[in-house]
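First up is the structure itself, then whatever we jot down about it.
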Amino acid sequence: MESSCCIWMRRVKMATTTTSIVFRPTASSSISPLFTPLHSSKSTLPLLSHIFHPRRSISVTATLPLQSSPSPFSQTLHHQCSSSSDGGINPKDSRKIILKGMRYTEFENWVTSQGYRPAQALMLWKLLYGNNSKSIWAHSFEELEGLNKDLTKTISKHAKLKALQVKDIITASDGTRKILFTLDDGLIIETVIIPNGDKGRNTVCVSSQVGCAMNCQFCFTGRMGLRRNLTAEEIVEQAVFARRLFTSTVGPISNVVFMGMGEPLQNIENVMKASDIMVDEQGLHFSPNKVTISTSGLVPQIKRFLRHSKCALAVSLNATTDEVRNWIMPINRKYNLSLLLDTLREELQFKHKYKVLFEYVMLAGVNDSIDDAKRIIDLVKGIPCKINLITFNPHSGSHFQPTADEKMVEFRNTLAEGGLTVFMRPSRGDDQMAACGQLGNPGDFQAPLLKVPPKFQHSLDPSL
């Protein structure tokens, strides 16, 4: 299989002896890389019609025995779920309602449908999500102190308090923490806590999918393909765990960024539901302008998000020409720069005091020239925005190299002289694969690296 092929789809059949991987393009000119387990209890994700190669197609099927390595395959099949006595995960609880997957109105309706008063619903909500020094962020039935005892019994019989289990917590040299969570089907996601106490801004970076279908060439998560969407409760609980585990040591967690594993707007239903729960004033009470949803540029979903959400939007720009963006971000072949930026220009006319955040990962010799900086100034005219310049964080198999610090400063200064608000974001947690673009575990079967345009080949790491 040549690296120039960017069509791929992976399906894994969860069985006790074999894993079947299928790379299969269609005859149509639009297909998305997708990885979904067959016979899953989760709904099958629709194929996005945006990533394709116009000239070449392949079909390769491989069947191989499972190995006893810590790959996502073996984790899925061999992970033993914990007892539900603490409100945790148990296969026998699969039909129970998970309370953290509901907006407050739905939550209150469920409690009152069980014969209890709305005041009891509010008390339970605050026990799960409270936002003050006495908050316990309850994870077990025993922690539901002061709640009606009959309601506690009802909850223990019909509902679950936890959607995630902590598998591991890894601390980087700069204090960044990476949490590995096990889901109820054995898959693994990663969440990052970024302390910044001296500025009073501690951030939790949450995942929205297991893997990612976008296949951005600089992102480790993109090499995984997409296993499945996360549910609203699996997203919300990452923020709950962040506060429960780290508030006492790093201080209040005030910011949420949807910049972990996955393309948030490909999972827009659950992401918008989760963000609504996070900003609820009676619960976690994150400020809407401190909850940022990032996207690679799904135009229809961007329109919906800007029209119906109060949270902040970040757009991964990362290139100033369609030639480069088609290569490093294949989503651009469906929604190109002109369409993306014109959509933002149009939609933001109706948002008051709202600025979109453009993220720009600096890749040496690819998108970091002064001409690129000047093109950014022209591209974003008429769009209320801020620019984040992000250091590229290397990972295994990556052929890009980070831009030198002095060149990043020159790039920033050019943008600032053009009247833009621009920030340089240093890497956090990169020594433990916790930095931007480093999350996930692709395993043995990975999305293909795309063919490099000839004029950029000299800029890539020759050892790779």
Quiz item: Among 157, 167, 178, which is basic (Lys, Arg), surrounded by fewer than 17 Cβ atoms within 10 Å (Cβ to Cβ) and closer than 17 Å to residue 239 by Cα?
Solution: 167
Exercise. Only residues that are part of a loop (DSSP other than H, G, I, E, B) and under 14 Å from residue 436 (Cβ atoms): list them for region 188-212, please.
Key: 206, 207
Quiz item: So residue 358 fits all but one of (1) part of a loop (DSSP other than H, G, I, E, B); (2) crowded, with 21+ Cβ neighbours inside 10 Å; (3) not aliphatic (A, V, I, L, M); what number is the exception?
Solution: (1)
Quiz prompt | Among (1) open to solvent by less than 40 Å² (accessible area, probe 1.4 Å); (2) in contact with a Ser or Thr (Cβ under 9 Å, 6 or more places away or on another chain); (3) in contact (Cβ under 8 Å) with a residue 60 or more places away in the chain; (4) within 25 Å of residue 257 (Cα to Cα) - the single one residue 431 does not satisfy | solution = (1)
Self-check item: Enumeration of residues in region 325-346 that are in contact (Cβ under 8 Å) with a residue 60 or more places away in the chain and either closer than 17 Å to residue 384 by Cβ or open to solvent by less than 20 Å² (accessible area, probe 1.4 Å) (or both)
Solution: 327, 328, 329, 330, 331
Quiz item: When the residues of region 284-312 are filtered to those that are part of a strand (DSSP E or B) and aliphatic (A, V, I, L, M), which remaining residue is most open to solvent (accessible area, probe 1.4 Å)?
Solution: 312
Quiz item: Any idea how many residues of region 213-260 are part of a loop (DSSP other than H, G, I, E, B), open to solvent by less than 10 Å² (accessible area, probe 1.4 Å), closer than 13 Å to residue 448 by Cα and among the hydrophobic types (A, V, I, L, M, F, W, C)?
Solution: 2
Self-check item: Selection status of residue 210, touching a Cys at 6+ places or on another chain (Cβ under 6 Å), at pLDDT 95 or above and crowded, with 24+ Cβ neighbours inside 10 Å
Solution: no
Quiz item: Taking region 313-324 only, how many residues are open to solvent by less than 10 Å² (accessible area, probe 1.4 Å) and either free of Cβ contacts under 8 Å to residues at least 12 places away in the same chain or small (Gly, Ala, Ser) (or both)?
Solution: 2
Practice problem: Could you please find all residues in region 407-428 being in contact (Cβ under 8 Å) with a residue 40 or more places away in the chain, in a helix (DSSP H, G or I) and among the hydrophobic types (A, V, I, L, M, F, W, C)? | Solution: 408, 411, 415
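The values are calculated or read from the model by the stated rules, or taken from the named source; none is laboratory data. Worth saying up front: this structure is predicted, and the values here are computed from it rather than measured. Cβ coordinates were reconstructed from backbone atoms using ideal geometry, including for glycine residues, and neighbour counts include every protein chain displayed. Keep in mind that these areas ignore ligands, DNA and RNA; they rest on the heavy atoms of the full protein, side chains included. Shrake-Rupley method; radii C 1.70, N 1.55, O 1.52, S 1.80 Å.
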